[in-house]
Amino acid sequence: MSPRRIAVIDIGKTNAKLALVDATNLTEIAVVTRPNTVLPGPPWPHFDVDGHWSFLLDALRDFHAAHGIDAISVTTHGACAALLDTDGNLAAPILDYEHSGPDDVALDYDALRPPFSETGSPRLAGGLNIGAQLHWQFQIDPALKARTHRIVTYPQYWGAKLTGVAAMDVTSLGCHTDLWNPHSGTFSSLVDTLDIADKLPPVHRPSHVLGPILPQIADRTGLPPGTPVHCGIHDSNASLLPYIEGNEAAFSVVSTGTWVIAMSIGGKPVPLNPDLDTLINVTAHGTAAPSARFMGGREHDIATGGAYPQPSTEDLDTVLGQQVMLMPAVAPDTGPFKGYRSEWIGAAPAMGRAERGAAVALYLALVTAECLANIGHEGAIIVEGPFTANRIFLEMLAVATASDVHCASGVTGTSAGAALIASDAQRKGPYPSTPVELDAKRLRPLQDYGHAWRHNVQRRSARP
């Protein structure tokens, strides 16, 4: 019998949550969250996994008591690895990938890492390449490598705590780690270069069952001892998965949150340029998906500076008419305009004003459109995550890409995708989404704004 109620552990860069998902329609029955706080160290900034663990166990207990849980699945952000000792405990705290420490030995690492043609993984700042994390960690703590018995990707850290089984999954390894060759479906040459092959556990598809929960987990939560735990999936690929199932046409999914990740399925073949923050993601089925990304959620928060009123039609018309524009890149370490210097063209609306929120939404849509163009997007665009609530973003994206834009029906695509890997129910047709209807009167002003924005990007001597 297919599991009906699936508990999804969902660790994003900003928040950690547990969602209980009904597998029959992939809707959330219950959700609880907590901030994903980064602790300062020593030895380096790291995630509060002990706090998350207590929170998750309590939530599993409460969800099971209230609704029942049939299976557990896991989805997490990428660029994260856990180093486990022989007892299955952490050999060192889990590094926050935004820490700049790995940049201190960047030249040494650059001499070791495989080329983009092998891994589909661009060279990124800080610890965004897991290979760079490991190289730096083993250098500053010479005893750490010997203490490390297993290296697991982040979804499988939680799986190991639940089952005692160490593993990796293809989607997390295929997320700019430098450790995976998506063309051959095997580890990259970096594994031998770093001399860590003996520390890497088996690699599985996300749907693989690691095993049942440990007896102490059953005792702590009240879950049945045989409750299965699935291997887990990288969060952007979780967002993509519901739309791959039953969808044969070319399309792209834009997963929004702290990161905006654009993933193309069946699009035009184009050469990927790692300097534009393009990469190859690996889907839950093990296939390559051309992708591009930027820190859209982070840029939104920086550029708006906090809360602002919902922009009205008049607010948007003002921004479009005066062509007030935010230019890239607000977070200059990532994205298609990496290294560009951000500035306002026209009088920048004050922080807290609705007009500023409108201008930022237009900016985010235009950068997203650039990401999609860089990966050969064709067909419809499905947007999931927080940006589905931003009407201006959706309309500008539709106009800038000349594509049909749809909003994911679920509040959180990551939870739906993670639940899907734990369900053996056969889905008929693609996951439902809602089309975005454009106001015909605003089509030309949006087109003019988009053309002017692109012209300003090209005109500026953007890279300092």
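The values are calculated or read from the model by the stated rules, or taken from the named source; none is laboratory data. Keep in mind that what you see is a predicted model, and the values were worked out from it rather than measured. A quick note on method: Cβ atoms are made from the backbone with ideal geometry, for glycine too, and the neighbour counts reach across all protein chains shown.
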Q.
Restricting to segment 241-277, count the residues that are in contact with a helix residue (DSSP H, G or I) (Cβ under 6 Å, 6 or more places away or on another chain), polar (S, T, N, Q) and surrounded by fewer than 24 Cβ atoms within 10 Å (Cβ to Cβ).
A. 1
Q: Give segment 390-417 a look and list any residue that's modelled with pLDDT under 95, in a helix (DSSP H, G or I) and over 15 Å from M263 (Cα atoms), or say none.
A: S415, A416
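Can you name the residue in segment 166-175 that is in contact with a helix residue (DSSP H, G or I) (Cβ under 7 Å, 6 or more places away or on another chain) and in a loop (DSSP other than H, G, I, E, B) and, of all such residues, is farthest from A289 (Cα to Cα)?
A166
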Q: For N129, state whether it is in the same structural domain as P42 (by TED's automatic domain parsing) and farther than 18 Å from P102 by Cα.
A: no
Q. Quick check: is even one residue across segment 225-233 hydroxyl-bearing (S, T, Y), in a loop (DSSP other than H, G, I, E, B) and either touching a helix residue (DSSP H, G or I) at 6+ places or on another chain (Cβ under 8 Å) or within 23 Å of G286 (Cβ to Cβ) (or both)?
A. yes
Q: Can you tell me which residue among L56, L124 is among the hydrophobic types (A, V, I, L, M, F, W, C), closer than 19 Å to K13 by Cα, part of a helix (DSSP H, G or I) and under 22 Å from the mean Cα position of the chain (by Cα)?
A: L56
Q: Name every residue in segment 9-53 that is among the polar types (S, T, N, Q) and either within 20 Å of P155 (Cα to Cα) or assigned to a loop (DSSP other than H, G, I, E, B) (or both), in order of residue number.
A: T14, N15, T24, N25, T33, N36, T37
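Yes/no per residue for (1) buried (at least 21 other Cβ atoms within 10 Å of the Cβ); (2) within 18 Å of A132 (Cβ to Cβ):
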position	(1), (2)
G12	no, no
P42	no, no
P45	no, yes
D50	no, no
H64	no, no
S73	yes, no
N89	no, no
S100	no, yes
Q) Within segment 260-276, is there a residue that is out of contact with any Leu (no Cβ under 9 Å at 6 or more places or on another chain), in contact (Cβ under 8 Å) with a residue 40 or more places away in the chain, of a type in the set (D, E) and under 14 Å from G174 (Cα atoms)? A) no
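Matching residues to (1) of a type in the set (A, V, I, L, M, F, W, C); (2) free of Cβ contacts under 8 Å to residues at least 24 places away in the same chain; (3) closer than 28 Å to N281 by Cα:
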| site | (1), (2), (3) |
| --- | --- |
| T14 | no, no, yes |
| A23 | yes, no, yes |
| A30 | yes, no, no |
| P40 | no, yes, no |
| G68 | no, no, no |
| H77 | no, no, yes |
(Q) Restricting to segment 102-113, give me the number of residues that are out of contact with any Lys or Arg (no Cβ under 8 Å at 6 or more places or on another chain), buried (at least 18 other Cβ atoms within 10 Å of the Cβ) and part of a loop (DSSP other than H, G, I, E, B). (A) 0
Q) Of these, R61, R34, which one is of a type in the set (K, R) and either within 20 Å of the chain's Cα centre (by Cα) or not assigned by TED's automatic domain parsing to the domain that holds A143 (or both)? A) R34
(Q) Let me confirm something: among D192, D198, D178, D219, which residue is charged (D, E, K, R) and outside any helix (DSSP H, G or I)? (A) D178
**Q.** Checklist (1) over 27 Å from D275 (Cβ atoms); (2) out of contact with any strand residue (DSSP E or B) (no Cβ under 6 Å at 6 or more places or on another chain); (3) among the hydrophobic types (A, V, I, L, M, F, W, C) applied to W158, failing item
**A.** (2)
Q) Could you say whether any residue in segment 212-226 is surrounded by fewer than 20 Cβ atoms within 10 Å (Cβ to Cβ), touching a residue at least 40 places away in the same chain (Cβ under 8 Å) and closer than 30 Å to S100 by Cβ? A) no
Q: Tell me which of these R147 doesn't satisfy, since it passes every other one: (1) surrounded by fewer than 24 Cβ atoms within 10 Å (Cβ to Cβ); (2) touching a strand residue (DSSP E or B) at 6+ places or on another chain (Cβ under 8 Å); (3) within 28 Å of A30 (Cα to Cα).
A: (3)
